[in-house]
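The values are calculated or read from the model by the stated rules, or taken from the named source; none is laboratory data. What you see is a predicted model, and the numbers here were worked out from it, not measured in a lab. Note that each Cβ is placed from the backbone with ideal geometry, even for glycine, and that neighbours are counted across all protein chains shown. For the accessible areas, the whole protein counts, side chains as well, though only heavy atoms, and no ligand, DNA or RNA atoms are used. Shrake-Rupley method; radii C 1.70, N 1.55, O 1.52, S 1.80 Å.
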Amino acid sequence: MDPTNDPNFTPPSLARNIEPPAPPSRIPNHIPIQPFVLADLGNAVDAPTSHPSKNSKIEDGKNNSDNYHSKIPRKHGDLSNSSSDEEVNTTNSDIQQPPSVNVTRTNSHNNLVLPPTIQVRSSQIADLEEVPHGIQRQAVKLEDYHFPTHRLATSLSDDTKYPLVIVACGSFSPITYLHLRMFEMALDAISEQTKFEVVAGYYSPVSSNYKKQGLAPARHRVRMCELACERTSSWLMVDAWESLQPKYTRTALVLDHFNEEINIKRGGIVNKLTGEKRACKIMLLAGGDLIESMGEPDVWEDQDLHHILGRYGCLIVERTGSDVRSFLLSHDIMYEHRRNVLVIKQLIYNDISSTKIRLFIRRGMSVQYLLPNSVIRYIQQHKLYYDSEPVKQVMSDKAD
Ligand SMILES: Nc1ncnc2c1ncn2[C@@H]1O[C@H](COP(=O)(O)OP(=O)(O)OP(=O)(O)O)[C@@H](O)[C@H]1O
Ligand SMILES: NC(=O)c1ccc[n+]([C@@H]2O[C@H](COP(=O)(O)O)[C@@H](O)[C@H]2O)c1
């Protein structure tokens, strides 16, 4: 018989002849705890630098993080001028228009997809791909360019928090589900570990002047990012400014552009309680490999790294094969700005690579479930990446 089933059984820890554990008062409490710098980020991530305009002054001393609040940047209904059937800046004639159908995005998603009892965030309804709403278009010429704000929250939903915009710079050739997941991982990390509220997320595809193998023309990469954002997310946007520049633009300057558009031109994000505008923190979202490139000679200028990490900040998604935390400890500039860097652990590893996607396409292999269907269709229609070899028919020929 199992002795623990005996009604007179005494657990070993309560047996009289065993010395009881030391009472709490005997635990020395004066030994300083050495915090692990990267694990200690939480609320310590630097607040944004204050905006020059008077009314965007940052208020201090508010209870900033104790109350849990929704991680959803905002409800669909709160989106200002959300993308609709109206297409804007449609000067690129070789890009097909989605059919115009009268669907109210906001409610159609919730009503059609979600029974009211299911607690799923409205921003995370993944299967928007077949909803034939229009796609918010970016200009294809610099002179027609407007900064996209259709999903930028106009105010904070939690006034105790500080606004944050996440910017991902990269090739996105093509954009994949990993690139989309990076933002969701960042959103979770920011909501759970910091005093910030994410008010928008932007992709900034690099221009065609960036000499990297496998780079499709910028207008295609921007368009694929737009399809991915508008068809699979309710809060992500694409900014074509960097891609439209006549020359390659360093990442530090790209972040300056976001700062100018959001904080200087628009004065930040409104605090509903006071009516004041708060300066919005802007952070670069990057994978571990990109961060490690910061340690390679002649890739990044030191002054740019100070600018990016000191003035803005970085959200780093760990990547298989890169030891980000050790790298941060070893890199002087990174270490100096460690309080402005948040490392995001991938709890479900995703290592989808654009390079492999391009290879699969060249070899006629399926890429389905690695990137959004609308992006696969776009690649097929524009015969991208497969160097005259036919792409395996993974999707119907139906145009977007
Ligand atoms: N598997 C991954 N894990 C974490 N971050 C990633 C991963 N793949 C890409 N990223 C990040 O996504 C961003 C955009 O990546 P980018 O398109 O420039 O390169 P890539 O995805 O590695 O594509 P390529 O294969 O063409 O080099 C970068 O910050 C990069 O570090
Ligand atoms: N000095 C710089 O500003 C610098 C250097 C290397 C990469 N980057 C940026 O990083 C992103 C990804 O680059 P890779 O695809 O080469 O990893 C791109 O947006 C690129 O512009 C910037």
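Side notes on the structure shown:
- Taken as a whole, segment 223-241 holds at least one residue that is in a helix (DSSP H, G or I), within 18 Å of Ile357 (Cβ to Cβ) and among the polar types (S, T, N, Q).
Here is a yes/no grid of residues against (1) near ligand 1 (Cβ under 9 Å from one of its atoms); (2) assigned to a loop (DSSP other than H, G, I, E, B); (3) surrounded by 14 or more Cβ atoms within 10 Å (Cβ to Cβ):
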site	(1), (2), (3)
Asp304	no, no, yes
Leu309	no, no, yes
Ser322	yes, yes, yes
Gln346	yes, yes, yes
Tyr349	yes, yes, no
Ile357	yes, no, yes
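- Some residue of segment 248-263 being within 13 Å of ligand 1 (Cβ to nearest atom), assigned to a helix (DSSP H, G or I) and not β-branched (Val, Ile, Thr): no
- Apart from one condition, Asn209 fits all of (1) open to solvent by 10 Å² or more (accessible area, probe 1.4 Å); (2) not in a loop (DSSP other than H, G, I, E, B); the exception is (2).
- Restricting attention to segment 179-194, the residues that are among the hydrophobic types (A, V, I, L, M, F, W, C), under 21 Å from Ile135 (Cα atoms) and open to solvent by 10 Å² or more (accessible area, probe 1.4 Å) add up to 1.
- When segment 214-223 is limited to residues that are surrounded by fewer than 22 Cβ atoms within 10 Å (Cβ to Cβ) and without any contact (Cβ under 8 Å) to a residue 60 or more places away in the chain, the one that is nearest to ligand 2 (Cβ to nearest atom) turns out to be Leu215.
- Segment 224-259 - residue that is in contact with a strand residue (DSSP E or B) (Cβ under 8 Å, 6 or more places away or on another chain) and either open to solvent by 20 Å² or more (accessible area, probe 1.4 Å) or within 11 Å of ligand 2 (Cβ to nearest atom) (or both) and, of those, nearest to Ala279 (Cα to Cα): Leu255
- Considering the conditions (1) more than 10 Å from ligand 2 (Cβ to nearest atom); (2) of a type outside the set (Phe, Trp, Tyr); (3) in contact with a Leu (Cβ under 6 Å, 6 or more places away or on another chain), Ala168 is excluded by exactly one of them, (1).
- Among the conditions (1) part of a helix (DSSP H, G or I); (2) open to solvent by less than 30 Å² (accessible area, probe 1.4 Å); (3) not aliphatic (A, V, I, L, M), Gly364 misses just one, which is (1).
- Residues located in segment 349-362, provided they are under 15 Å from Gly287 (Cβ atoms) and more than 16 Å from ligand 2 (Cβ to nearest atom): Tyr349, Asn350
- Which numbered condition Thr154 misses (of (1) within 16 Å of ligand 2 (Cβ to nearest atom); (2) open to solvent by 10 Å² or more (accessible area, probe 1.4 Å); (3) in contact (Cβ under 8 Å) with a residue 24 or more places away in the chain): (1)
- Gly214 farther than 23 Å from Gln346 by Cβ, away from ligand 1 (no atom under 16 Å from the Cβ) and in a loop (DSSP other than H, G, I, E, B): no
- Within segment 270-289, at least one residue is modelled with pLDDT under 95, open to solvent by less than 10 Å² (accessible area, probe 1.4 Å) and in a helix (DSSP H, G or I).
- Sole exception among (1) within 16 Å of ligand 2 (Cβ to nearest atom); (2) more than 8 Å from the chain's Cα centre (by Cα); (3) over 17 Å from Arg319 (Cβ atoms) for Thr194, by number: (1)
- Against the numbered list (1) more than 13 Å from ligand 2 (Cβ to nearest atom); (2) within 16 Å of Ile308 (Cβ to Cβ); (3) crowded, with 24+ Cβ neighbours inside 10 Å, Ile262 comes up short only at (2).
- Within segment 275-301, the residues that satisfy the criterion of being among the charged types (D, E, K, R) and either within 23 Å of the chain's Cα centre (by Cα) or more than 8 Å from ligand 2 (Cβ to nearest atom) (or both) are Glu276, Lys277, Arg278, Lys281, Asp289, Glu292, Glu296, Asp298.
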